[in-house]
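In what follows, a single structure is set out as C-alpha cells and then discussed.
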Amino acid sequence: MKEITIVGLGPGDYKQLSLEALEIMKNAGTLVFRTEKHPVAERIRESGISFTCCDDIYDSCESFDETYEQISRRILDLCREKGQVVYAVPGHPLVAEKSVELILAGAGKDIKVNIVPALSFIDVILSSLKIDPIYGLKIIDGLSIKTQKPDKRCGNIITQVYDKLVASEVKLALMDYYTDDFEIYIIRAAGVEGQERIASIPLYELDRIEWMDYLTSIYVPPALDSGARYKSFDDLVELMESLRGEKGCPWDKEQTRESLRPYLLEETYEVLDAIEKIWAFQDRSLTFRHACHHATCGACGMRVNGKEKLTCITSLHTVVKNNGVLKIEPLRNFPVLSDLVVDMGHLYRQTEEADFQQVVPLEAAQLPYEITPNRTPNEPHERLVDCIECGLCVSACPAAFTSTDYRGPAALAAIQQGIAFAPNEVLFDLADHENGVWRCHSAFECTEVCPSNVDPGWRIMNLRRRVIHHRISRVFKKSQKVSRP
C-alpha cells in the first residue's frame, strides 16, 4: 500500500528535533521539505540527508491557497509514483499546516498517511512567555484575521504574521476589540537558541516592527479588567447572573419579562420603527417620509399623540404609556398630500425669500456666543443655526393655525439670522409686516417642539426688538433731514 509519512521538524532548534523524526528522514527514499526556510534545514543537509523542497511553488503561485493546493498535489502525485514519501513540515504536522490538511483530505483509501508528532511553535511560545494554557488559549491564522475573531477573555496566539502588510491587517482587526495602547507580545523564532526575540509593545506599534519574518507570531493576553475596547455579550450575561444571584441586587431579582418590557421598548424602538413595521407587514400603501434616521434631514416630522415630533428619535416608551394607543397624524398647518406626507413648499419658499444662509464667513458672522480663540485658518466658517427645516415649529404654532399667510417661526428665525449677519431693508420689510413678527402670539410652542435647539421663539422676540430699533432709527434719520436748512 502506498504510504506518506509526515514528520514535524519542530519550532526551529535542532535539539528539539525528535529522534524518531530524524531516523525516518535518514532512511527515507524520497524526502520532501515544505520549505527549506527553516532553521534545522541546513543542519539536516550538513548531516548528509538529501531532500527536495517546495519553495519553487511559493515563487510561482499568487495566493497561499493555491500554493498549499499545489504542494499537497505534488506530495500525493509523488506517493502514487514512488510508493513511499516522507514529507517534512515546520513545527507539528497538525498545527497550522494547511498542506497536511489537504493531503489528509486527498489521500483516499489507496494512500496511508502516518503522522509523526513534534514540538509545535505553540509549545515553545507558551514556554518562552511562561503561560499556562489551562486558562484558555485561541490560535488564529493571521491571514484569516477577518474571519477568525479574537477572544478577549483568553490569550490569543496569531500566526503567519510574516511582514508589515499582514501585521497592519492584524493590528486594524485587533483594534476593534482592544484599546490602541493594549500591551501585546511579538515573538520571533521562539525556542531557537541564539535567534529567539521577544518584545512587549503597544498594539498601535505592531506594524512598525522591522525584524518580523516568517518565524514571527503575536501573543495577545486576556483583557478581562482593562484593555478591551468594548464589553462582550458574555460580560452582559455574567453581569445579569451576578445581579440576579443569591447576593445580587434586590431590584434586579424582582424583575420579570413583563416588568422590563417598557425599558426594552425605550431603548430599542422608535415611533418610526412602528410606522415602518405597519408599512412592511400591514399596509404597503401607507405613505410617509423618512431618510437619515438620526434627526439630520427633518423628513420624518409628524404629530405623535397630539405633539410634534421627529419620529426617528422619539421612543415608543415615551409616548405610549400603560399599553395605551399610539396616534400618528400628519403635521398641521400644511396641505396633506397623502397619509402622513404634507406639502412643505410654503415653508421652503418663505425661508428662501429670507435669503437665509446657514454657513457664513466666520469673520463676518455676528454670533450670540464667543468664537473659539484657537481656530485654525482651515476653519473659516462657523455654523450659525441648526435648523433642519422639519416644519415642527410651523405645525405647533397657533398663529400659523389661524392664518395661512403668516410667515411662520422657521422663516422669521431665518430673517433674524439674516439681519444679525447683514441688516438690509428687504429683510426688515419682511419682518415688519402684519404677517411677520406682529402675528406671533409669543406662545413659544415652536421653541418647545424644535428638535435642533434653534429656539425660534427667542429669535422672533429678538427680531421684534430689532424691528422697533430700526423704526426709531428711521424716524430720527427723517427728522434730521427735515431740520437741515
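The values are calculated or read from the model by the stated rules, or taken from the named source; none is laboratory data. Since the structure is predicted, the reported quantities are computational estimates derived from the model, not experimental observations. No Cβ is skipped: glycine too gets one built from the backbone with ideal geometry, and neighbour counts run over all protein chains shown.
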Checklist entry - Which residue out of Leu316, Leu337, Leu264 is aliphatic (A, V, I, L, M), at pLDDT 90 or above and either outside the structural domain of Glu448 (by TED's automatic domain parsing) or out of contact with any Gly (no Cβ under 7 Å at 6 or more places or on another chain) (or both)? => result Leu337
Checklist outcome for this item: Over the stretch 12-40, the set of residues in contact with a strand residue (DSSP E or B) (Cβ under 6 Å, 6 or more places away or on another chain), over 19 Å from Asn114 (Cβ atoms) and of a type outside the set (S, T, N, Q) is Glu36
Checklist outcome for this item: Checked pairs for the stretch 93-115, first assigned by TED's automatic domain parsing to the domain that holds Leu78 and on the phi > 0 side of the Ramachandran plot, second at pLDDT below 95 and buried (at least 19 other Cβ atoms within 10 Å of the Cβ), C-beta under 7 Å and 6 or more apart or across chains, list as Ala96/Thr159
Checklist entry - Which one is modelled with the lowest pLDDT among residues in the stretch 418-439 that are under 46 Å from the mean Cα position of the chain (by Cα) and in a loop (DSSP other than H, G, I, E, B)? => result Ala422
Checklist entry - Looking at the stretch 230-252, which of its residues are surrounded by 12 or more Cβ atoms within 10 Å (Cβ to Cβ) and of a type outside the set (Asp, Glu)? => result Ser232, Leu239, Met240, Ser242, Leu243, Arg244, Gly248, Cys249
Next on the checklist: Checking Lys82 against (1) among the basic types (Lys, Arg); (2) surrounded by fewer than 16 Cβ atoms within 10 Å (Cβ to Cβ); (3) within 27 Å of Ile157 (Cβ to Cβ): exactly one of these is not met. Which one?
Outcome noted: (3)
Checklist entry - Considering the stretch 291-313 alone, what residues qualify as being surrounded by 15 or more Cβ atoms within 10 Å (Cβ to Cβ) and under 24 Å from the mean Cα position of the chain (by Cα)? => result His293, Ala295, Cys297, Cys312
Checklist entry - Just wondering, is there one or more residues in the stretch 107-120 that are touching a Gly at 6+ places or on another chain (Cβ under 6 Å), hydroxyl-bearing (Ser, Thr, Tyr) and not in a helix (DSSP H, G or I)? => result yes
Checklist entry - Mind checking whether some residue in the stretch 163-176 is over 19 Å from Phe121 (Cβ atoms) and small (Gly, Ala, Ser)? => result yes
Item to check | Failed item, numbered, when Ile125 is tested on (1) of a type in the set (Val, Ile, Thr); (2) assigned to a helix (DSSP H, G or I); (3) surrounded by fewer than 19 Cβ atoms within 10 Å (Cβ to Cβ) | outcome: (3)
Item to check | Only one of Lys146, Lys171, Lys152 that is basic (Lys, Arg), buried (at least 19 other Cβ atoms within 10 Å of the Cβ), in the same structural domain as Glu205 (by TED's automatic domain parsing) and not in a helix (DSSP H, G or I) | outcome: Lys152
Item to check | Ala189 vs. criteria within 30 Å of Lys15 (Cβ to Cβ) and either of a type outside the set (S, T, N, Q) or surrounded by 16 or more Cβ atoms within 10 Å (Cβ to Cβ) (or both) | outcome: yes
Checklist entry - Exactly one of (1) at pLDDT 90 or above; (2) part of a helix (DSSP H, G or I) is unmet by Leu236. Its number? => result (1)
Checklist outcome for this item: Of the candidates Ile415, Ile468, the one satisfying the condition of being out of contact with any Lys or Arg (no Cβ under 6 Å at 6 or more places or on another chain), free of Cβ contacts under 8 Å to residues at least 40 places away in the same chain and either outside the structural domain of His290 (by TED's automatic domain parsing) or assigned to a helix (DSSP H, G or I) (or both) is Ile468
Next on the checklist: Just checking, does the stretch 62-76 include any residue being under 13 Å from Ala107 (Cβ atoms) and hydrophobic (A, V, I, L, M, F, W, C)?
Outcome noted: yes
Checklist outcome for this item: Quick count over the stretch 47-74, residues being within 14 Å of Ala28 (Cα to Cα) and in contact with a strand residue (DSSP E or B) (Cβ under 8 Å, 6 or more places away or on another chain), is 4
Checklist entry - Quick check: anything in the stretch 289-309 hydroxyl-bearing (Ser, Thr, Tyr), modelled with pLDDT under 90 and either not in a helix (DSSP H, G or I) or not assigned by TED's automatic domain parsing to the domain that holds Ser395 (or both)? => result yes
Next on the checklist: Within the stretch 1-19, take every residue that is closer than 24 Å to Leu102 by Cβ and either among the basic types (Lys, Arg) or more than 51 Å from the chain's Cα centre (by Cα) (or both) and give me the one that is surrounded by the fewest Cβ atoms within 10 Å (Cβ to Cβ).
Outcome noted: Met1
Next on the checklist: So, Asp455, is that one under 19 Å from Leu347 (Cβ atoms) and of a type in the set (Asp, Glu) or not?
Outcome noted: yes
Checklist entry - Do we have any residue at all in the stretch 270-284 that's touching a strand residue (DSSP E or B) at 6+ places or on another chain (Cβ under 8 Å), assigned to a loop (DSSP other than H, G, I, E, B), surrounded by fewer than 15 Cβ atoms within 10 Å (Cβ to Cβ) and assigned by TED's automatic domain parsing to the domain that holds Val320? => result no
Checklist entry - Going through the stretch 206-229 one residue at a time, which ones are hydrophobic (A, V, I, L, M, F, W, C) and either surrounded by 18 or more Cβ atoms within 10 Å (Cβ to Cβ) or not in a strand (DSSP E or B) (or both)? => result Leu206, Ile209, Trp211, Met212, Leu215, Ile218, Val220, Ala223, Leu224
